[in-house]
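Read the structure below first, then the notes.
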Amino acid sequence: PTAVTDACDSNPTVTFTDAFTAGICDNSFTIARTWKVTDASNNFSVKVQTITVQDTKAPVFTLPTVFNGATDGAFNPNPPFYYCDGPLTLELSDADVSDACATDFTDLIISFTVDYPTPSYGYFDVTAPVFGNLVGNYFPIGTTVVTFKAEDLCGNVSTHTVQVIIKDTQAPVIESSY
């Protein structure tokens, strides 16, 4: 307490005990601190102070918002393959998202959705959240939009949108049979 007075004792004894009540996660809890002030004649007063600790800060992304790549090969005639996608690994790590109260990257619940361009060259949108941190190793030509979601153990959520832009860098092939 900030102010303790006694008419007959200029220096009463101040003690306290704490009772902890867990919250929804390790970083949220309540302390009921019971203060007891006792004077030299063993007269005492008791006051309860409630201290609430609550994690209200969402995880923070530091991942860039744009990734650029290019197609990775020319036309292959045997069998005929056209490369309408490019290699680019998009995977979150502890360097890309953090939380003030998380002790480890694995303390976060990571999910993502993917919106591929049209045409998508055989890729299918991922509209339901997929849990994990590896989106893919290849992306189709065009702009793919990936939305990451990170949730900490206290239920605080943040999202981060990334554009994966793959450019078609392969020239057309003219076949010599005419």
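The values are calculated or read from the model by the stated rules, or taken from the named source; none is laboratory data. Here the structure is a predicted model, which is why all the values come from computation and not from measurement. Note that we place each Cβ from the backbone using ideal geometry, even for glycine, and neighbour counts take in every protein chain shown. Note: areas computed on protein heavy atoms with side chains; ligands, DNA, RNA excluded. Shrake-Rupley method; radii C 1.70, N 1.55, O 1.52, S 1.80 Å.
Listing for the model above:
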| quantity | calculated |
| --- | --- |
| Principal axis dimensions, largest first and in whole angstrom, of segment 1-61 by Cα | 59, 19, 11 |
| Orphan Cys of the chain, criterion: no other Cys C-beta under 4.7 Å | CYS8, CYS84, CYS101 |
| GNM top mover of THR30, THR38, THR52 - the chain, alpha-carbon springs below 10 Å | THR38 |
| Share of alpha-carbon pairs per 5 Å distance bin for the chain, given as whole % | 1, 7, 12, 11, 10, 8, 7, 7, 6, 5, 5, 4, 4, 3, 3, 2, 2, 1, 1, 1, 0, 0, 0 |
| Eligible lysines near LYS149 by straight Cα distance, threshold 29 Å, same-chain separation 8 or greater | LYS57, LYS167 |
| Accessible surface of the chain, 1.4 Å probe, proportion on carbon and sulfur as whole % | 54 |
| Accessible solvent surface per residue of the chain, calculated while the other protein chains remain in place, 1.4 angstrom probe, Å² | 64 |
| Under 5 Å, built H, 5+ apart or other chain: amide partners of LEU88 | TYR138, PHE139 |
| Length-normalised contact order for the chain - Cα pairs under 8 Å, 6+ apart - percent | 21 |
